[in-house]
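The values are calculated or read from the model by the stated rules, or taken from the named source; none is laboratory data. Treat the numbers as computed from the prediction; the structure is a model and nothing was measured. We place every Cβ from the backbone using ideal geometry, glycine too, and count neighbours over all the protein chains shown. Please note that ligands, DNA and RNA were not included when accessible areas were found on the heavy atoms of the full protein model with its side chains. Shrake-Rupley method; radii C 1.70, N 1.55, O 1.52, S 1.80 Å.
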Amino acid sequence: MITGAIYQLPLIALLVVAILRDGLRRRMVSAAMLGTVAIYAAYVLAIDVTGQIAQVRVFDRVPPEFIAANGTILAVFTLSFLVGGGLIRALIPDQTPSPRTEIGVLGPLITGAVLVLISADGWWLFAPYPLNKGAWQLVSLGGAGAVANLLLLFAVNRARSSGHHVRLARTVLWAVALHYVLAGDRGSLLFLVLGAFAFDLATTPRRGWRMAIRALCVAAIALIALEQISYWRSWGVQAPSSEGSFLAEIDLLPQSVAHMFHAISIRLSGYQTVAGGAVDLLATLWLQVIPSGVLRGLGMQTYNGSLLLSEFVVHGGGFFVPAELYFAHGFPSVALIALYFGALAAFADRCSARPGDTFMTTLVLLVAASSFYTMFYGVQAVHRMLSLPVLLVVLRALLQAVLRRHTRFRAW
């Protein structure tokens with residue numbers, strides 16, 4: 001029997017309808033963010049039905065009062081997010097096409113491929129994971145290694161949109177993807193292949209159920225492939241799961257249920273968790289667009305919801321976004337920030353709809369993909385990614401204004 005079916009089933013149905021609507025209309029950021037909420041809601045329903053809740057570690061049965069509060073918080077977040085997106089789409093018209101660019105394929109393509117070569121891991125054909133890590137690398141790029149994949153993705157997407165060097169770009173893409181399979185680098189493989197697929201999905205003129213089924217098939221193949229790569233790269237030590245519970249193997253979702261449980265318990269206990277109100281939290285988010293090192297240098301203390309939660313309970317880090325918003329200022333915070341996030345997501349979706357603007361489209365797709373991590377990591381992480389398209393639009397406008405002024409000055 002499902003606990004509180006009136007809270008769970010209609011909410012999941014609403015999320016599925018909204019995701020399909022946004023996905024079929026190429027609103028990738030909005031669809032991805034709602035997708036994370038739907039995944040969480042489906043997980044809560046699954047552990048409720050199966051009773052497999054040991055991995056959550058905060059209760060030995062699903063309390064009905066938790067289901068009611070959890071469903072209400074998610075519903076407020078979802079409805080406010082949809083309203084925020086609807087307002088932006090009503091106020092901002094569709095973007096006008098920008099001029100197509102035919103340059104910039106070979107530069108990022110070659111640079112990305114070279115960065116992959118000089119930082120390559122060894123193949124598991126010669127040494128099992130993790131002994132193969134860094135075996136062939138000439139230079140350790142660390143976190144900057146993501147730049148290589150970003151450059152490759154940008155080059156492939158631009159080649160497709162401009163029609164130049166398409167075969168070469170695709171050959172390099174699949175060669176690097178094969179290297180990641182043999183190196184056991186699942187993260188880079190996902191970033192590269194799904195990034196290319198998402199660009200194709202976002203720029204296809206016509207939508208339909210075939211495209212949705214195709215996306216689901218790609219997702220299923222990706223999940224199976226990731227599990228097999230773990231088996232191959234460890235030389236059979238890390239065997240694919242057979243009789244084990246899939247629910248028990250998920251990492252972020254049990255943690256997020258615990259976050260929601262703690263947030264509800266702390267708020268209902270009457271504690272004031274964060275000073276100020278929901279508007280103050282919104283202002284703090286924009287302030288923290290400035291690098292934290294600069295803020296610390298100015299003597300300004302930055303907001304961190306995960307650290308604040310650790311003052312009440314021991315947890316593994318991160319903070320599921322709807323839970324963090326409720327933890328901060330209750331339902332006013334959930335409604336206001338979700339409205340704001342919906343507006344930012346809709347703005348990003350508008351930016352990605354401009355034909356020929358490959359850089360912006362690629363950036364927006366990265367924002368969409370990051371939602372499946374940042375939504376479980378905290379409000380700050382989500383806001384930093386969602387604000388990137390806004391900052392890029394502002395910087396572009398400033399640069400164009402400077403260039404026009406410089407051109408007029410030279411003409412005079």
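The listed residues Leu388, Leu153, once ranked by accessible area (1.4 Å probe) with the largest placed first, stand as Leu388, Leu153.
Could the peptides 166-179, 110-123 be put in order, highest first, of the mean number of other beta-carbon atoms found within 10 Å of their residues? Intermediate values should be presented prior to the final figure.
On the way: 166-179: 15.8, 110-123: 18.1.
Descending mean neighbour count gives 110-123, 166-179.
Sorting Cys217, Cys351 by accessible area (1.4 Å probe), largest first, what list results? Working shown, then result.
On the way: Cys217 70, Cys351 10 Å².
Heavy-atom accessible area, descending, gives Cys217, Cys351.
Give the shape of the chain as rounded, prolate or oblate, defined through the alpha-carbon gyration tensor: a ≥ b ≥ c are the square roots of its eigenvalues, a/c under 1.5 means rounded, and otherwise the shape is prolate if a/b is larger than b/c and oblate if not. Oblate, since a/c reaches 1.5 and b/c is not below a/b. Segment Asp200..Arg404, full-extension length gain: 70.0 nm, with 0.36 nm per residue of separation and the alpha-carbon distance subtracted.
What's the extension gain from Trp136 to Leu91 if we count 0.36 nm per residue and subtract their Cα-Cα distance? Display every interim value, and only then the final one.
Numbers: separation 45, 0.36 × 45 = 16.20 nm, distance 5.27 nm.
Extra length from Trp136 to Leu91 when fully extended: 10.9 nm.
Label-to-label distance for Tyr231 and Ser310 is 3.8 nm, based on points extended 7 Å past Cα in the beta-carbon direction.
So between Ala68 and Phe359, what do we pick up on full extension, going 0.36 nm a residue minus the alpha carbon distance?
100.5 nm
For segment 296-405, relative contact order (Cα pairs under 8 Å, six or more residues apart, normalised by length) works out to 29 percent. Between Glu324, Glu311, Glu227, the residue with the greatest mean-square fluctuation in the GNM of the chain (Cα pairs under 10 Å linked by springs) is Glu311.
The mean sequence distance of close C-alpha pairs (under 8 Å, at least 6 residues apart), as a share of the length of the chain, puts its relative contact order at 26 percent. For the chain, the solvent-accessible area with a 1.4 angstrom probe is 51 square angstrom per residue.
Of all the accessible heavy-atom surface of the chain, with the other protein chains kept in place and a 1.4 Å probe, what percent is carbon and sulfur? Write out the running numbers ahead of the final one.
On the way: 14080 of 21150 Å².
C and S atoms contribute 67 percent here.
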